[in-house]
Amino acid sequence: MYRADPGSNAYCEAIFTLDRTSRLVRLVDQGTELILDAYPIRGVKVDYGYPALIVPQWSPNGEWLAYLKRVNGLTQVWRVHPGNDRPEKVSNAPVDVDRFTWTADGSAIIYATRPSLAEAERSIDKEGLQGFLFDDRIVPYSGSRPAVRLPAPSQYWRADIETGRNSAAADRDAALLAPLPPMDPAQNMRSVISLNGRRTWTERREPAAYLSTVDLWAEDAAGIKQRCPDVTCIGTRSFGIQQLWWAFGQREVLFLRREGWGGSQTALYRWKPGAPKARRLFLTNDLLLGCELVGPALICAREGATQPRRLVTIDLRNGRDNLLFEPNPEFAGVKLGSVERLRWLSPGNVETYGDLVLPPGDKKGAKLPLIIVQYTSTGFLRGGVGDEYPIQLFAKEGYAVLSFNAPPSFPPWDGSKKSFEEVVAETSVNWVTRRKIFASLETGVQTLIDRGIVAAGKIGISGPSDGSTTVQVGLVNRPDLFAAASVSSCCIDPSSFMLYGGIGLAEERARWGFPPARGAGSDQWKPLSIALNANAVKTPILMQLADHEYLISLDTFMSLRNAGTPVEMFIYPGEYHLMWQPAHRRAAYLRNIDWFDFWLRGRENVEPEDPAQYGRWRAMRVAASGVHG
């Protein structure tokens, strides 16, 4: 678990153990340096700002717990004997440890590093002495330095527990950490082997088709492959099976899947290979994460719209869930706004859902100003994707909040064998996918207006990344609908993707069917680009951006500024696509509240974090009234 501290702009990370019988919780180690994940995107290493998933591992005898911990900028393997000893470092690698595992007898830990990453950085330093070649390694909006190419080969090491000696791992030890399969978002298939060697897996019905239906398969007791014929075993690109286990004496397959209206629910099923039907054990609107099978129960992290993450057990015999550990007991005393799950059909009969959050104690009398938060609405409603737009704080300040879950980007499978790039290119023509997502949102907003909950003319919209693209579609195509907007990681424009994105991004998007930045066909950007429609966009826009990304917003920002539209940009140092620093997230929270208060309600905070902001905003309002009348 980790807790953010905006005051110190740091995290307190901790590892706990839990005795399932006594429910005794014990703190075994803690640290302050967050391990962030880096992703391979377009063949290069990209920092994304997302915390890495740290999964501790028990030794085979169950006495020691090993895990990754970052100290003084270096990630290593540590171990601890809960309740008896202090934590101790196991690995002594000069570079970060990526993965590790115990040997079968518990006498050693095998771990993997990628020293070639550091070597590549040194090579880039040397290259800089002669000037960097502008190629697909450079993403201009992120910086002028080339990124390291991935994948990078791993080296495997053995840390002997008794002697503390670290040495190169033998092939048989290295095999325990088999190389990870290449990341392929088009596949996303799953496979599990039972204790007796039987396999269960998911498989595309048409291997070459990106949108193909995904089926559940397993080997029966005789080793014969069986496809589960039940509709609950059939998934799509957007919804379907999330996790698999062998259970019930290794005779049946247990699986989690997303289902229900627009994939808004999580269900747990059991299926015996060869049987015509799967039996549902559990169904919830909540989000289940990191589930592990332990005896006759599934242990999961569970979170709901108004309930932060906690540990629960789901009894496989009767489907009942029980609380195992509540990490935030004090949260029960926080007064929250009410939440209503909304379901609607958008144009084209697309199932869409979202969560309506109303102020605490609201009697549904006067119409409320609305703030839209995007672009998923699963689990605990905190700050939307990226956690920058404080849903419950907005509600506390008297807003209705629509937490919008965008519908799937792609259509259901039609039997074709289209590849990923073919599908994207087809749905990019005239920005079909972007229009579909906004049409879904527009329908949901109109429903709230028709129900008398929301005041038309006092609607704000926010969003990062994909959500900010929905914002710009709305501002360009329905400029009358929104009275204020706030975005991050914005914006998709001819210059941002096809120029500032660099060679790699531009060529990828060209293959996807995006129009060029200049010349023949560039007019196709008109329905999407704020920069090309700046004189028609009147909505005040706040931009809170990472220093690694703000350049892609300059065309939009300067075009709006020159057109006299209220626009303000803040750049956060050391940030990536998702904001990860606690002080920055707090600043974004507070500034978003002040921004929407000012433009939607004409209200000013008597103690703002930035005392000068209202002088700037009032001047913008006066100037805009002169320009736009």
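Below are the figures for this structure:
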| quantity | calculated |
| --- | --- |
| On Cα atoms only, tilt of 582-601 relative to the major axis of the chain in degrees | 30 |
| Nearby lysines by direct alpha-carbon distance to residue 367 (threshold 26 angstrom, same-chain neighbours under 8 apart not counted) | 335, 396, 458, 538 |
| Relative contact order %, the chain, counting alpha carbon pairs below 8 Å whose residues are six or more apart | 10 |
| Sequence-distant lysines (8 or more away, or on other chains) whose Cα lies within less than 26 Å of residue 418 | 436 |
| Estimated FRET transfer efficiency when R0 is 22 angstrom, pair residue 61-residue 24 (beta carbons, to 0.05) | 0.60 |
| Percent RCO, i.e. relative contact order, over segment 500-599, from Cα pairs under 8 Å lying at least 6 residues apart | 24 |
| Cα gyration tensor shape for segment 409-554, rounded if a/c is under 1.5, else prolate or oblate | oblate |
| On Cα atoms only, tilt of 466-477 relative to the major axis of the chain in degrees | 20 |
| Angle in degrees between helix 613-628 and the longest Cα principal axis of the chain, rounded to the nearest 10 | 50 |
| Charge sum, other residues only, whose C-beta stays under 10 Å from residue 577's C-beta, Lys/Arg counted +1 and Asp/Glu -1 | -3 |
| Average accessible area per residue (Å²) across segment 367-490 - probe 1.4 Å, nucleic acids and ligands excluded | 32 |
| Cα centroid separation, segment 116-149 to segment 425-484 (Å) | 39 |
| Solvent-accessible ranking of 116, 486, largest area first, probe 1.4 Å | 116, 486 |
| Amide proton proximity set for residue 147, modelled H, under 5 Å, gap of 5+ | 138, 139 |
| 14 Å cut-off, amide nitrogen to a point 7 angstrom out along residue 85 Cα→Cβ, residues in segment 30-63 | 59-63 |
| Cysteines having no other Cys beta carbon under 4.7 Å from their own, within the chain | 12 |
| The chain: calculated mean residue ellipticity at 222 nm from DSSP helix runs of at least 4, using -39500 (n - 2.57) | -6000 deg cm²/dmol |
| Cα centroid of segment 7-35 to Cα centroid of segment 323-357, whole Å | 27 |
| Å² per residue, accessible surface of segment 1-153 at 1.4 Å | 56 |
| Carbon plus sulfur fraction of accessible area for the chain, probe 1.4 Å, in percent | 52 |
| Straight-distance crosslink candidates among lysines, where the alpha carbon sits under 24 Å from residue 277 and sequence neighbours closer than 8 are dropped | 225 |
| Sum of side-chain charges, residue 217 neighbourhood, beta-carbon under 10 Å (Lys, Arg +1; Asp, Glu -1) | 0 |
| Amide H within-cut-off set for residue 36, under 5 Å, with H built and near neighbours excluded | 52 |
| Potential extension, residue 71-residue 238 segment - 0.36 nm per residue separation minus Cα distance | 56.3 nm |
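The values are calculated or read from the model by the stated rules, or taken from the named source; none is laboratory data. Because the structure is predicted, anything quoted here is derived from the model rather than measured. Cβ: placed from backbone, ideal geometry, glycine included. Neighbour counts: every protein chain shown. Side chains are part of the model used for accessible areas, which takes the heavy atoms of the whole protein and leaves out ligands, DNA and RNA. Shrake-Rupley method; radii C 1.70, N 1.55, O 1.52, S 1.80 Å.
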